[in-house]
Amino acid sequence: MPPTLPELRQTMYDLLQDVNGLRREIYAMPTPGSGAHAIPQDRWEALVQAEKKLADAEKDLAAAEEPADPIISTKKDSLFLGMDSTGLEVTVNLTMSPVPTSFYHLLEKNQDPLVICTVQFLKDTHNTPAGVTPIRRVRVTSFIEGYSARAVDTVELKLNQKKEFRQSPTLFPRRMRKIRELTSATLNVMVEDLDTHRVEIHKTSPVRLLARQAALLEVKNPQTGQSVDLKPYLAAFVTPNDKRVLTFLNAAVEKHPRRHLVGYNNLSERDASGNVIPKNDIVTSQVQAIYEALQAAGITYVDSIVYFNPDSSATGQRLRLPRESLRAKQANCLDGAVLFASLLEAASLSPAIAIAFGHAVVGWETWRGSGEWSYLETTWIKDHPFTEACKCAEEWVTQMALLAGEAKRLEIRSLRTVNKITPIE
């Protein structure tokens, strides 16, 4: 007999606890002895296998959960006006739940709408005179009560014509900032026949809003059951223009041997002996200066439980914005990667976040356009030298490639220019 939904949820919870224990063991290691930066191979393999089991459990749970029905269907629900009374057939689907309020405004309406409404004019119930083409003028409106403006579309439909409306009501920024926990709200959808001034449908449906600090990595479409990868939107949490981030660069400048951060702009820097410094070393020295400034500021690694959604339709975690990490002097792996990426981008370098299973490290392009990347383990900032933090991250990236093939590099520059993912503040 296949496991029940509660049993699958219990299995996933237990596996998550195992994974968190292994993450703490590896990423929160005490300061190693001289030259002992390497993490034992068996611990890497144990973590990778545990992460794989967790990922498989999540897939099993998602497969066992039934796709949600449309929130409105005049064809299925006899309580609504329908084809016999108005000649219109209406179906409305909610395409994401919960709603990632932090970067919802960056989602493309045509690709990732909140609501998809389909209206079809199937029967002329208005006694249209012979020789005149029957037409219905229809208006579709959707909004989240108290949290958004109204999204409105109006169209003329000919007999047998079908029209799909994709709507993403604009959220009110001030209201979003006040959401600190998963919040229930009410989605309103209304379809009106403008010729008769009759409301074809007006229905409310519950919708959940994520806290602004929740970084959603994956969400399941309630109707299709298919998972949507949202990891690229982590770039929205990289905030190089934040005042606290820009101010902190002054501390990094003080740690640099030549007291400057030049990005990729200085092609002919020389050492004390007059020798030209290799370009890669120019970049590395700037990254090291940022690392040592964070180390001096006392940034400490803290573990974070992956964000849980009650029906397992979304996975992610709480994510501190860079200014919050600097203020609290605490960061988990993703907090640290986002913070470090923000400082790198603010220093005119090209950062990336490499993420696989439940861990993330920060990376940077060794020179603009080189296509070569180096990595750094931000969870080692407090107790480890810069070189060992780099070795740890390089090991992790190699292990993910060899043992899992799952490491995904999110290049911030590309996400800004191609995907148009801008900072959330």
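The values are calculated or read from the model by the stated rules, or taken from the named source; none is laboratory data. Only a predicted model underlies this, so the values are computations on that prediction, with no experimental measurement involved. Don't worry about glycine lacking a Cβ; one is built from the backbone with ideal geometry, like all the others, and counts go over all protein chains shown.
Would you point out the residue of segment 142-154, among those that are in contact with a Phe, Trp or Tyr (Cβ under 8 Å, 6 or more places away or on another chain) and surrounded by 12 or more Cβ atoms within 10 Å (Cβ to Cβ), that is nearest to His126 (Cα to Cα)? Checked segment 142-154; the qualifying residue nearest to His126 (Cα to Cα) is Asp153.
Scanning segment 190-213 for residues that are part of a loop (DSSP other than H, G, I, E, B) and not basic (Lys, Arg) returns Leu194, Asp195, Thr196, His197, Leu210, Ala211, Gln213. Inclusion of Arg24 among residues that are surrounded by 18 or more Cβ atoms within 10 Å (Cβ to Cβ) and either modelled with pLDDT of 80 or more or of a type in the set (D, E, K, R) (or both) is not warranted. Taking the criterion of being polar (S, T, N, Q) and either more than 17 Å from Ala236 (Cβ to Cβ) or free of Cβ contacts under 8 Å to residues at least 24 places away in the same chain (or both), the residues of segment 324-349 that qualify are Gln330, Asn332, Ser348.
Looking only at segment 329-343, decide whether some residue is modelled with pLDDT of 85 or more, assigned to a strand (DSSP E or B) and touching a helix residue (DSSP H, G or I) at 6+ places or on another chain (Cβ under 8 Å). Yes, there is a match, as at least one residue in segment 329-343 is modelled with pLDDT of 85 or more, assigned to a strand (DSSP E or B) and touching a helix residue (DSSP H, G or I) at 6+ places or on another chain (Cβ under 8 Å). All conditions in (1) at pLDDT below 95; (2) in contact with a Ser or Thr (Cβ under 8 Å, 6 or more places away or on another chain) hold for Thr379, with the sole exception of (2). In summary, Pro30 fulfils each of the numbered conditions (1) closer than 26 Å to Lys382 by Cα; (2) surrounded by 13 or more Cβ atoms within 10 Å (Cβ to Cβ); (3) at pLDDT below 65 with the single exception of condition (2).
Does any residue of segment 169-180 turn out to be surrounded by fewer than 16 Cβ atoms within 10 Å (Cβ to Cβ) and assigned to a strand (DSSP E or B)? The answer is no; no qualifying residue exists. Screening Glu66, Glu58, Glu89 for residues that are modelled with pLDDT under 80, outside any loop (DSSP other than H, G, I, E, B) and either under 24 Å from Pro3 (Cβ atoms) or among the acidic types (Asp, Glu) (or both) leaves exactly one candidate, Glu58. Residues that are in a strand (DSSP E or B) and either modelled with pLDDT of 85 or more or surrounded by fewer than 17 Cβ atoms within 10 Å (Cβ to Cβ) (or both) within segment 307-328 comprise Phe308, Arg318, listed in sequence order.
Being out of contact with any helix residue (DSSP H, G or I) (no Cβ under 9 Å at 6 or more places or on another chain) and within 29 Å of Gln317 (Cβ to Cβ) is true of Gln111. Listed by first and then second residue, the pairs with beta-carbon distance under 6 Å, at least 6 apart or on different chains, first residue in segment 49-63 and surrounded by fewer than 16 Cβ atoms within 10 Å (Cβ to Cβ), second among the hydroxyl-bearing types (Ser, Thr, Tyr), form an empty list.
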